[in-house]
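J.: Following this message is one structure expressed as structure tokens.
Just so it is clear, none of the values below were taken in a lab; they were calculated from the coordinates. On a predicted model such as this, the values are computed, not experimentally measured, just so you know. A quick note on method: Cβ atoms are made from the backbone with ideal geometry, for glycine too, and the neighbour counts reach across all protein chains shown.
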Amino acid sequence: MAINQLSETQEKVGPPLWLLAELTYDCPLHCPYCSNPSVLGDKKDELSTEQWLKVLTEARAMGAVQLGFSGGEPLLRKDLETMVKHGRELGFYTNLITSGIGLSEKRIATLKKSGLDHIQISFQGADPGVNDAIAGRGNAYEQKFKMAQAVKAQGYPMVLNFVISKQNITQMLDILRLSCELEADYVELATAQYYGWAFHNRDHLLPSQEELIEAELIVNEFRDQQQGKGPQFIFVTPDYYEQRPKACMNGWGSTFLTVTPDGSALPCHSAKMLPLKFPNVKDKSIGDIWCKDFSFDYFRGDSWMPQPCQNCDEKEKDFGGCRCQAYMLTGDMHKTDPVCSKSPDHHLIEQAIANAKKPSSPLLMRVNKPQGLTEIARVKL
Amino acid sequence: MSEQAMIPKLNSMFRFQYEKAQGCHVLLFPEGMVKLNDSASEIIKLIDGNSSVEQIVNLLAAQFPEAGDLTDDVAEFLITAVEKKWVYYGD
């Protein structure tokens, strides 16, 4: 939702308006749709408190305004409150993006005192059965439900995020009702994106077009009955069913800056997979990274674009789509995003949609230290 | 109650602040930002939860005497602001 509101024409490089601080990859949940990398780094390489505070200070000085604390589960960092306080004092709007596991009424209050502006809680389903099966953790739903109530009771704006997949898309009406019951302000109904771990589970996650049409219809009808009251619902269809690619990250190196737990600075959450050398905040300032680093400049503008993008009159709208998706599907990060119906690789998307009707391998629950993708936890949902 | 006597309040979901890098005032909310023009900023500055629409118009008139009658401009802005949930009336 925020992407359009933050958009700016890229005549020159504006500031990184959005700083996503991925504090740790550790997570108490095992969601098969996890878009973090399949193989995670070592916990001992995580940035220290001081290193994070420096990142916040430098990014804010450049004009960054939204600060997201994410992960993994950011609550696992005991110094979260210190970072929130620093971020808020610098003038950031501070967002906590959490599973809700590890929250307590007390911690919600301490975070508020530290200056936290908003809490986003993820849900995996509309009832304990579906939610906890997807999350791979017992009593997760109950905890999330209680904490969502506590977040509202303490006066925070609250966003709920439901990652939609085959496993929960038929619960749409219950999801909408749950969101109303919890008095959410915004609700993201975001179809899973197939990056990182989720890519291995794509066949299991990707809903059919019929399921999506039905779900969107339910959301639209519900919205019509709201009369401006209750949560604002944002329904995000998967780009696999679009004719044109998404304007990924509002353009490479234009708005978003992600810093991963080990300090890698990326133009998007998933970019580490690309064959580019990305800088680390341990070695370089945010200013040098954003304005001078080769990797951040690499896909700015349109001179890098192949055909059919180069001659396309929509290239300013979608920037050729997602570089990670082009790389994952075609092996070449410079190609047009195969989601585009003009792409010579578009058949790969059609193939994926067909494969999703009949998954050929088992669903893999997220684990943090995989021995190899063939040996890890297999669970039937 | 007449519209002029109503007291607008800023929705606590939004934070109003000046952004040096943007060169303007903004409203910040979960994961988003709205840039405001100068007249919108001047009106929002006066929304303190105590002043009525009429009082806000009068304060603006005192600040910007050359601007003429601002009643309609303020009313128009408030309609948009309520639609966008930046501002509400009542408790």
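J.: Once a ≥ b ≥ c are taken as the square roots of the eigenvalues of the Cα gyration tensor of the stretch A:32-103, is the result rounded (a/c under 1.5), prolate (a/b larger than b/c) or oblate (a/b not larger than b/c)?
T.: Taking the square roots of the gyration eigenvalues as a ≥ b ≥ c, the stretch A:32-103 is prolate.
J.: In terms of modelled amide H atoms, which long-range or inter-chain residues lie less than 5 Å from the amide H of residue A:20?
T.: The list, which skips near neighbours in sequence, is A:68, A:257, A:258, A:259.
J.: For the stretch B:24-73, with equal point scatterers placed on the C-alpha atoms only and solvent neglected, what are the log10 I(q)/I(0) values from the Debye formula at q = 0.15, 0.18, 0.22, 0.23 1/Å, to two decimals?
T.: For the stretch B:24-73, the Cα-only Debye profile gives -0.46, -0.62, -0.83, -0.88.
J.: Does the stretch A:88-223 come out rounded, prolate or oblate, given a ≥ b ≥ c as the square roots of the eigenvalues of its C-alpha gyration tensor, rounded meaning a/c under 1.5 and, failing that, prolate meaning a/b above b/c?
T.: Cα axes put the stretch A:88-223 in the prolate bin.
J.: For every helix of n ≥ 4 consecutive DSSP H residues, a contribution of -39,500 (n - 2.57) applies; sum these over chain A, divide by its total residues, and give [θ] at 222 nm rounded to the nearest 500 deg cm²/dmol.
T.: The per-residue figure over chain A is -9500 deg cm²/dmol.
J.: Also: Output the lone cysteines of the protein assembly as shown: those with no second cysteine's C-beta under 4.7 Å from their C-beta.
T.: A:27, A:31, A:34, A:180, A:268, A:291, A:309, A:312, A:324, A:340, B:24
J.: Just to check I understand the Karplus step: with θ = phi - 60° and J = 6.51 cos²θ - 1.76 cosθ + 1.60, what whole-Hz values come out for the stretch B:44-50, glycine and proline as x?
T.: 4, 4, 8, 7, 10, x, 10
J.: Mind giving me the FRET efficiency for residue B:80 and residue A:217? R0 is 35 Å, r the Cβ-Cβ distance, nearest 0.05 is fine.
T.: 0.70
J.: Using 7 Å Cα-to-Cβ label points, what is the residue A:227/residue A:79 separation (nm, one decimal)?
T.: 5.2
J.: Here is a follow-up. Over the stretch A:48-142, with a single point scatterer placed on each C-alpha, what log10 of the ratio I(q)/I(0) does the Debye formula yield at q = 0.10, 0.13, 0.26 1/Å?
T.: With no solvent term, the Cα-only Debye profile gives -0.30, -0.49, -1.33.
J.: Now for a separate question. In whole percent, what relative contact order does the stretch B:3-85 give with Cα contacts below 8 Å and a gap of six or more residues?
T.: Worked out over the stretch B:3-85, it gives 27 percent.
J.: Still on this structure, I have one more. Relative to the Cα centre, what is the charge dipole magnitude of the stretch A:1-114, using +1 at the beta carbon of each Lys and Arg, -1 at the beta carbon of each Asp and Glu, and rounding to the nearest 20 debye?
T.: 400
J.: Here's a follow-up. What FRET efficiency do you get for residue A:236 and residue B:62 if R0 is 41 Å and r is their Cβ-Cβ distance, rounded to the nearest 0.05?
T.: Here the calculated transfer efficiency is 0.30.
J.: Can you tell me how the stretch A:311-362 classifies by the Cα gyration tensor, rounded, prolate or oblate, using a/c under 1.5 as the rounded cut?
T.: Verdict is prolate for the stretch A:311-362.
J.: I want to check the label-to-label distance for residue A:311 and residue A:109. Put each point 7 Å from Cα in the C-beta direction and report it in nm to one decimal.
T.: Distance between label points: 6.7 nm.
J.: Using only C-alpha atoms and all pairs of different ones, pull out the Kirkwood radius for the protein assembly as shown in Å with one decimal.
T.: 23.7
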